[in-house]
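The structure appears right after this line, and notes come after that.
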Amino acid sequence: MENPCETVVDSGALREMPEPKGLPVLGTIVDLIISGGAAKLHLYNDKRHAELGPIYRERIGSVKAVFINSPDEFRRVFRLEGPKPIHFLPEAWTLYNEIRKCKRGLFFMDGDEWLYFRRIANKLLLRPKSEEFMSRPCQNAADSLASRWEIYSENGKLIPELEAQLYQWSIEVMLATLMGRNKWEEYGPNIMRKSENLAKNLHRIFEYSATLSLIPAKLAMRIKLPIWKKFVGSIDEVMEIVRILVPEIIRLDGDGLTKMILDEGVQGEDLVRIVADLILAAGDTTAYSMQWALFLLASHPDVQERLYESIKSLDQDEIPKDPFLKGVIKESLRLYPTAPFLTRFLPEDNIIGGYRVAKGELLLLSLYSSGRNDANFPEANEFRPERWIRTSTGEYKGVINPHATLPFALGARSCVGRKLAEYQISLTLAKIVKTFRMDCTNKDSVEMILHLVPVPSEPIQLLLTKRSWP
Ligand code: HEM
């Protein structure tokens with residue numbers, strides 16, 4: 001029988017959804033600005049949940065949304081999202097695509113077009129055996145990062161420009177995966193040289209779009225705000241680099257992911273935009289996730305030692321399956337979710353948590369807030385990888401509701417690069433922890449701020465000491 005809760009409901013007996021008081025057009029934007037602006041949206045939202053409950057509606061500037069931090073309602077949203085889920089695209093990004101007449105990859109597609117390309121991407125990136133073509137690029141990038149860092153461990157210097165180095169590392173994995181082993185070894189250094197400015201500009205795009213999220217992008221463009229010009233300039237540069245790189249990777253005809261996509265019948269402009277957006281989607285997400293994991297490990301020497309003991313004698317194939325290492329990655333993405341708000345528009349009117357939600361209304365799933373709630377994770381602000389170890393009955397030891405953290409989202413539109421990201425982060429963390437002991441000299445002053453993705457409020461100062469092998 002059909003579950004009545006899953007269908008459109010028009011009963012008048014529903015409760016009124018809580019909503020903070022705001023100004024007519026601006027909504028509560030002044031409150032947000034007083035609380036620290038877009039950079040502190042995660043904290044502002046967490047406070048709102050504490051005040052108004054797990055579901056509330058709020059208009060902040062030009063964006064009106066329903067915010068949800070209940071794990072049960074998260075799952076309900078993903079059940080109701082339909083076969084071709086629709087997520088929110090920042091206005092500044094869609095406006096850029098419009099003015100430059102730029103056709104983009106998976107993240108920007110919808111409907112049948114999205115489904116067609118998404119099925120191909122799933123088949124290649126999420127099948128059980130995809131690790132086979134991912135393992136070599138991930139291990140190579142892990143080894144080369146550790147060997148570049150040896151010099152700093154020898155002379156006792158902090159790792160310089162950690163953020164930029166991790167961007168390079170994540171772009172290296174993606175490009176090597178796309179090119180394939182046979183061509184990467186020969187042409188890799190040349191391709192990396194050409195991608196040098198990619199990391200810098202990618203980082204800027206995210207910073208500028210965070211500021212732009214508070215202003216209607218069309219207005220920013222019309223009045224030629226400097227931030228709009230900077231935003232457009234940095235995307236132009238990124239697109240120019242990928243437009244040169246991707247055809248070159250295709251021409252080299254290696255045995256990597258690009259060739260596999262081509263063999264699925266994706267050609268010409270479609271191949272270029274799919275591959276280009278894989279590079280862009282992989283860049284900052286993996287770099288920042290890795291940076292937070294290193295920060296947490298360096299700030300918790302006891303956890304670092306436990307991780308070392310857990311993985312020190314494992315082979316490359318065994319490392320990604322190690323339960324403690326998996327716990328480290330889950331904990332770090334729980335505390336610092338790369339996408340602190342997941343977004344969906346439901347295809348029908350529905351009831352979420354006892355409140356009516358209209359078809360097409362923007363839903364924001366507050367992952368930061370649910371991930372740091374003691375009701376879901378006891379001592380939620382603490383970094384405790386062991387909470388993810390399973391007991392003999394199969395439950396997680398220290399987790400009340402595992403669905404309260406969904407760093408890669410859930411369902412048909414969840415992250416297509418999840419396997420690659422997890423593989424790459426596991427192998428690199430293992431390599432670094434096997435080779436060095438880490439310390440963070442500014443661990444007490446680093447805070448999380450949002451530039452769309454969570455970034456540290458100041459550069460993380462990582463100090464390495466080489467381990468002496470037995
Ligand atoms: C730790 C690293 C990563 C995290 C936390 C992450 C997280 C996410 C999240 C939350 C989404 C949005 C899903 C939604 O709207 O529901 C997403 C989408 C996406 N991710 Fe990732 N991602 C990571 C790494 C990667 C990598 C390495 C790639 C490339 C291989 C990638 C490619 C994509 C693409 C193409 C989409 C759009 C999918 C679609 O709309 O169908 N991601 N990711």
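Readers should treat all values here as calculations from the given coordinates under stated rules, not as data from a laboratory. All of these numbers come straight from a predicted model, not from anything done at the bench. Cβ coordinates were reconstructed from backbone atoms using ideal geometry, including for glycine residues, and neighbour counts include every protein chain displayed.
Please compute the alpha carbon radius of gyration of the stretch 125-280, then divide it by the globular-protein estimate 2.2 N^0.38 Å. Two decimals is fine.
Rg over 2.2 N^0.38 Å, computed on Cα atoms: 1.20.
³J(HN,Hα) across the stretch 219-228 via Karplus (A = 6.51, B = -1.76, C = 1.60, θ = phi - 60°), whole Hz, x for Gly/Pro?
Karplus-based 3J(HN,Hα) across the stretch 219-228 equals 5, 4, 6, 4, 8, 6, 4, x, 5, 5 Hz.
Through the Karplus equation 6.51 cos²θ - 1.76 cosθ + 1.60, θ set to phi - 60°, convert the phi angles of the stretch 430-446 into ³J(HN,Hα) values in whole Hz; use x for Gly and Pro.
Those phi angles translate into 4, 5, 5, 5, 6, 8, 10, 9, 10, 9, 10, 7, 10, 4, 7, 9, 7 Hz.
Any lysines with Cα under 22 Å of the Lys326 Cα? List them, leaving off those in the same chain fewer than 8 positions away.
Within the straight-line cut-off, Lys326 pairs with Lys129, Lys312, Lys397, Lys419, Lys431, Lys434.
Which order do the peptides 32-38, 22-28 take when ranked by the mean count of other beta-carbon atoms within 10 Å per residue, highest first?
In decreasing order of mean packing, 32-38, 22-28 become 32-38, 22-28.
Could you list which residues have their amide H under 5 Å from that of Tyr56, counting only those 5 or more apart in sequence or on another chain, with H placed in the peptide plane?
Phe67
Hey, can you rank 425-431, 115-121 by average C-beta count inside 10 Å, highest first?
Working: 425-431: 23.9, 115-121: 15.9.
So the order, starting with the most tightly packed, is 425-431, 115-121.
What aspartates and glutamates could a cross-link reach from Lys183, if we take a straight Cα to Cα line under 16 Å and drop same-chain neighbours fewer than 8 places away?
Glu172, Glu248, Asp253, Asp255
Treat the chain as a sphere of radius equal to its Kirkwood radius over Cα pairs and apply Stokes-Einstein at 25 °C in a medium of 0.890 mPa s; give the translational diffusion coefficient in µm²/s, rounded to a whole number.
105 µm²/s
Note the per residue figure in Å³ for the convex hull of the C-alpha positions in the stretch 217-261.
Spelled out: Cα convex hull of the stretch 217-261, divided by residues, is 82 Å³.
Post the alpha-carbon centroid distance, the stretch 389-406 to the stretch 326-347, in whole angstrom.
16 Å
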